[in-house]
């Protein structure tokens, strides 16, 4: 039997696209971890050091059903789960020299128990750790076979990157104001529960649109969004969001929602009139000096980037992004985001009616206790143990990669307690 030749869209690598496959090809796909229900593809033959590893399926990821070894393989190969778009790096990478005073010992107490650096790495299944002090590497560790060339998934760290791009679009005049209506940039949402919601509401996850974020519940809204992504049908994610009901008045209630960042990505795409990966490359990746190509999941071949997850990049490039944020969004002497954006995005907010939102900014998390709260630090975080911590006062950036097997509740040691201990150790 003859099977048609598959032609990939020009902006998506051929290896990321699924079309008509022979029985033999489907068998090979299942052996590589994609299986019969996800958009994973056979391992490519590129120079990427982990390209030949077997991986799990995206449903297994969100079910928390991957074995420890398969978690590691999958998390460093997520570009095989969905079509992606490349994020082009700089031709002149930003140097990250070794610090004269490296991090040597970390001792701290969390939850009434004493821990050290090795405890944190082991108990939280940390697969990569980077500590930057004054832009220099105080500590860098790769575990579970990862290397400097490894790309690792961001999970919800991508939300903070999407938020930062909205700041860039405001600086460029492409988004006029945080008070703009979402429907101005996404007309498809007119008449939906998002009609009347502002850009600011979305950034605070306070649209008032009903949402269930439970990762492991197949009936949750989060899993419905994942199924829309798995379908790879253009516009299916936005169609899902447009059908959601209203639960509260816009701006009045914070409810963590990955769907909200899908809306953020859609409004950003409507404002900048170009792919988000391209805009990220132009405004940040090339300007800051990222050294390696990264990539970003798409909702469909040649489609829109997934605003809440799906970026895959190297440890040092996540660190460079952290430095960019620590430097108030300046790169090569240019203010990429508004001068006050980082301070505003990384600080507590107040909801409509005066209700405080002490732990959340514009898709950045804000510590409410400990030295980090006193220092006004903030961080991006993602399930399975991904973090970018920013402490501008002490000029410290900490990046963690996690290989935890469960989406939530798998980290034994409190991350903020560890971050505080690291900051103290390099002070």
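Just so it is clear, none of the values below were taken in a lab; they were calculated from the coordinates. This one's a predicted model, so the numbers in the text were calculated from it and none came from an experiment. Heads up, the Cβs are rebuilt from the backbone with ideal geometry, glycines too, and the neighbour counts pull from every protein chain shown.
Across region 76-221, C-alpha contacts under 8 Å between residues 6 or more apart give a mean separation that, scaled by the residue count, equals a relative contact order of 15 percent.
By definition, a body whose alpha carbon gyration tensor gives a ≥ b ≥ c is rounded when a/c is under 1.5, and the chain falls into this rounded group.
For residue 51 and residue 220, the difference between the fully extended length at 0.36 nm per residue and the C-alpha to C-alpha distance is 57.6 nm. Fully extending the segment from residue 357 to residue 344 would add 3.4 nm, taking 0.36 nm per residue of separation and subtracting the current Cα-Cα distance.
Footprinting exposure proxy ranking of 412, 288, fewest other C-beta atoms within 10 angstrom first, gives 412, 288. Full extension of the chain segment joining residue 328 with residue 393 gains 22.2 nm, where the gain is 0.36 nm per residue of separation less the Cα-Cα distance.
Look at the alpha carbon pairs under 8 Å that are at least 6 residues apart: their mean separation over the length of the chain gives a relative contact order of 22 percent. Each Cα pair under 8 Å and six or more residues apart adds its sequence gap; the mean of these over the residue count of region 90-173 is a relative contact order of 23 percent. Average projection, convex hull of the Cα set of region 151-266: 7.6 square nanometres.
In the elastic network of the chain, a GNM with C-alpha springs shorter than 10 Å, the most mobile of 169, 100, 237 is 100.
When 266, 227, 53, 305 are sorted by how many other C-beta atoms sit within 10 angstrom of their C-beta, beginning with the fewest, the order is 227, 53, 266, 305.
Indicate the gyration tensor shape class of region 368-427 (rounded, prolate or oblate), computed on the Cα atoms with a ≥ b ≥ c the square roots of the eigenvalues: a/c under 1.5 is rounded; otherwise a/b larger than b/c is prolate and the rest oblate. Verdict is prolate for region 368-427.
Counting neighbouring beta carbons within 10 Å and listing from fewest to most, the residues 188, 101, 76, 223 come out as 101, 188, 223, 76. Per-residue ellipticity at 222 nm, computed for the chain from helices alone with -39500 (n - 2.57) per DSSP H run of at least four residues, works out to -8000 deg cm²/dmol.
An ellipsoid equivalent to region 64-157, defined through the eigenvalues of its Cα gyration tensor, has semi-axes of 26, 23, 10 Å when rounded to whole angstrom and sorted largest first.
Rounded is the label for region 287-427. Its Cα gyration tensor axes, ordered a ≥ b ≥ c, give a/c under 1.5.
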